[in-house]
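Read-outs throughout are calculated quantities, based only on the coordinates presented, and are distinct from any laboratory measurement. Please read these numbers as outputs of a predicted model, since none were measured by experiment. Virtual Cβ from ideal backbone geometry, glycine too; neighbours counted across all protein chains shown.
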Amino acid sequence: MSARTPKQQRSIARREQIMASASRLIAQKGYANLTISEIALEAGVSPSSMYQYFKDKTAIMLALQQQYAAHFQQSLAAAFQQVPASKEQLADYFLKIMQLNYQLHLSDPVVRDITLAASTNKEIANSEAEDLTATLMFLIKQTQVFFPAEQHAKVETMLQLLVHSAMAATSLALTQQPSQADATMRCAYRMLALTWQDFCHYPDQPPLSVHDPV
């Protein structure tokens, strides 16, 4: 039996109560060490009542992930309220978004656990991929206006590479000690900025082949 989508205000409040309780426990002991019974106890509901709203622990994590994703999309839109003056200045916006995402992971253990859980949980990984696609589509829309139509496909390819590289750097940094993580992110920021500036100046430059000298 699948969990129902709450429609009445009381049911919505109970669902949010369960999610808030799960967040507190994830912050304390991590998602991997958490059980449905512990979440039920923290939320003040019976385990059987829990299953009326969430079919399992992963479903709670997915709901939290979608909640955080919505907040991030709002922050993303806010970052672009002031339109960049040039395509070169977009690098500053990309760095701001990358830093925002990394700081969110650092400051909130729930967000960090969601990312780490995606490496072993297919449902969470798929949900993360959907949100990454939404972020990518937003950035493509904001960026393509600075380029002629014939270069839009190349812009999309470049942004895909940059966004996935940024996420990979963040995931790596989350597994490292603070000093090493900071070094990783500084290298990633520099790589992103230099790559984008190079692309802005030479968007039609063909990519290197494996046989080209570097």
Centroid-to-centroid separation of the stretch 1-79 and the stretch 142-210 [C-alpha atoms, Å]
34
Any chance you could give the angle, 0 to 90 degrees and rounded to 10, that helix 178-201 forms with the longest Cα principal axis of the chain?
40
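Which order, highest average first, do 56-63, 100-107 follow once you tally other Cβ atoms within 10 Å for each residue and take the mean per peptide?
Details: 56-63: 19.4, 100-107: 16.0.
Highest to lowest by the protection proxy: 56-63, 100-107.
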Straight-line reach only, C-alpha to C-alpha below 22 angstrom: list the lysines that residue 141 could link to, leaving out same-chain residues fewer than 8 apart.
87, 96, 154
Taking a ≥ b ≥ c as the square roots of the eigenvalues of the Cα gyration tensor, with a/c under 1.5 meaning rounded and otherwise prolate when a/b exceeds b/c and oblate if not, the stretch 99-153 is oblate
Burial-style ranking of 165-172, 140-147, average other-beta-carbon count within 10 Å with highest first, yields 165-172, 140-147
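Using a ≥ b ≥ c from the Cα gyration tensor of the stretch 9-50 (square roots of the eigenvalues), is it rounded, prolate or oblate, where a/c under 1.5 gives rounded and otherwise the larger of a/b and b/c decides, a/b for prolate? List each step's numbers first, then the result.
Values: a/c = 2.82, a/b = 1.61, b/c = 1.75.
Note, shape of the stretch 9-50 comes out oblate.
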By a straight-distance test (C-alpha under 25 Å), which lysines pair with residue 55 as possible cross-link partners, with residues fewer than eight away in the same chain excluded?
7, 29, 122
Mind checking the angle between helix 90-107 and the chain's longest principal axis? C-alpha axes, 0 to 90 degrees, to the nearest 10.
30
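Where does the chain land at 222 nm, in deg cm²/dmol rounded to the nearest 500, when only DSSP H runs of n ≥ 4 count, each adding -39500 (n - 2.57), divided by all residues? Present the calculation step by step, with values, prior to reporting the outcome.
Numbers: 9 runs with 153 residues, N = 214.
Dividing the helical sum by the residues of the chain leaves -24000 deg cm²/dmol.
Which net charge results for the neighbourhood of residue 139, defined as the other residues with beta-carbon distances under 15 angstrom from its beta-carbon, given Lys and Arg at +1 and Asp and Glu at -1?
On the way: positive: 87, 96, 141, 154; negative: 92, 131, 156.
Summing Lys and Arg as +1 and Asp and Glu as -1 gives +1.
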